[in-house]
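Let me begin by presenting the structure, written as structure tokens, before commenting on it.
The values are calculated or read from the model by the stated rules, or taken from the named source; none is laboratory data. Everything numeric in this text was worked out from a predicted model, so none of it was measured. Cβ: placed from backbone, ideal geometry, glycine included. Neighbour counts: every protein chain shown.
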Amino acid sequence: MNNITFKNPEFFYLLLVIVPLAVWYILRFKSLNASIRFSSFMGFRAIRRGWKHYLRHLPFVFQLAGLALLTLALARPQSSSNWQNVTTEGIDIVIALDISTSMLARDFQPDRLEAAKNVATQFIAGRNDDKIGLVVFAGESFTQCPLTTDHAVLINLFKDIHANMIEDGTAIGNGLATAVARLKESDAKSRVIILLTDGENNRGAIAPVTAAELAKTYGIRVYTIGVGTIGTAPYPVPTPFGTQIRDVEVKIDEKTLQEIAGVTGGNYFRATNNKKLVQIYEEIDQLEKSKIEVKEYSKKDEEFQRYAIMAGIILVAGLFLQLTVFRNIP
């Protein structure tokens, strides 16, 4: 055991009580011994002193030792001999999810939106110590769930998301700005936005790069994910004869998404299928864990119990000796 510290060192002042107790004991001991005048020691030389005579002060010594150990226990000694490599808690994450109708394309299974929801909920389930929030956007944006550690509630809100919840379109800048607004007051060690979209910014009053500059101002890192296969993707189109699947060109503004990530110190990823999307979230998960890993910290262990037990044993032993072995010894 090393590096002992005391949580309540002010209790050591109680040790000052030992001094007057010792003085009182000495004076009391002298008063109990009567003075006898005699002319010679010759008559006492034959009397042998037993072990009880030499150990007659032992009960009092035990009492003082017990009080000292009890004081030590009250001071709450703590050891810091255990060192561990850990990852600090305190990452705040907002997922900004595109829910425009283009997210119904079926180049992902069952479609882009459902795939994005499924992978995001798996990501949330693996980050128990983080506060996570959800922003959705299409032609406009709003907060579906503020930052929370109640991940069960958040996952249920994810399940309720569907296309056509809000006006259609792709307002990437507005979605990012709303996510920044949720994080700007956070005091977490690391603040992150994961922005997922499958299109180009065509709505909203805030340009995506302007929103990225705002995120940079607040020290928020943005990971952007472009969702969609290369070329064309099957998309359900309503017709007078029912819903028909037609191939629609995939248009993702990768340049803007790359710029958003670059400005804020994040990364841009392109997901072309379900498996790739899972891999991207896994990579983001590892990137964030590595960014906040601390070298070492000392874990304090309470040590007062052993001193309290020792104090109790010694005090009881002293009282036992005084009432039995040394009962008739002055």
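Numerical summary
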quantity: Residue list for the stretch 144-156, filter: under 14 Å from residue 182 (Cβ atoms) and either under 15 Å from the mean Cα position of the chain (by Cα) or crowded, with 16+ Cβ neighbours inside 10 Å (or both); calculated: 144, 145, 147, 148, 154
quantity: Hits in the stretch 73-122 (condition: closer than 30 Å to residue 182 by Cβ, hydrophobic (A, V, I, L, M, F, W, C) and at pLDDT below 95); calculated: 86, 91
quantity: Matching residues in the stretch 178-193 - criterion: being surrounded by 18 or more Cβ atoms within 10 Å (Cβ to Cβ) and either in a loop (DSSP other than H, G, I, E, B) or free of Cβ contacts under 8 Å to residues at least 12 places away in the same chain (or both); calculated: 186
quantity: Residue in the stretch 227-236 that is surrounded by fewer than 22 Cβ atoms within 10 Å (Cβ to Cβ), assigned by TED's automatic domain parsing to the domain that holds residue 184, free of Cβ contacts under 8 Å to residues at least 24 places away in the same chain and β-branched (Val, Ile, Thr) present; calculated: yes
quantity: Residue check, residue 178 in the same structural domain as residue 236 (by TED's automatic domain parsing) and touching a helix residue (DSSP H, G or I) at 6+ places or on another chain (Cβ under 7 Å); calculated: no
quantity: Exclusive hit being basic (Lys, Arg) and under 15 Å from residue 95 (Cα atoms), set 246, 203, 191; calculated: 191
quantity: Any hit, the stretch 157-177, residues being crowded, with 21+ Cβ neighbours inside 10 Å, part of a loop (DSSP other than H, G, I, E, B) and modelled with pLDDT under 95; calculated: no
quantity: Qualifying positions in the stretch 119-136 - surrounded by 15 or more Cβ atoms within 10 Å (Cβ to Cβ) and free of Cβ contacts under 8 Å to residues at least 60 places away in the same chain; calculated: 121, 124, 130, 131, 132, 133, 134, 135, 136
quantity: Residue satisfying all of: in the stretch 185-201; over 13 Å from residue 222 (Cα atoms) and among the charged types (D, E, K, R); modelled with the lowest pLDDT among these; calculated: 189
quantity: Filtered residues of the stretch 286-330 (kept if under 30 Å from residue 123 (Cβ atoms), modelled with pLDDT of 80 or more and surrounded by fewer than 15 Cβ atoms within 10 Å (Cβ to Cβ)); calculated: 286, 287
quantity: Residue ID - nearest to the chain's Cα centre (by Cα), chosen from residues in the stretch 249-275 that are closer than 20 Å to residue 163 by Cα and surrounded by fewer than 16 Cβ atoms within 10 Å (Cβ to Cβ); calculated: 273
quantity: Flag for residue 158 being in contact (Cβ under 8 Å) with a residue 60 or more places away in the chain and under 12 Å from residue 95 (Cβ atoms); calculated: no
quantity: Selection status of residue 239, at pLDDT below 95, in contact with a Pro (Cβ under 7 Å, 6 or more places away or on another chain) and farther than 25 Å from residue 176 by Cβ; calculated: no
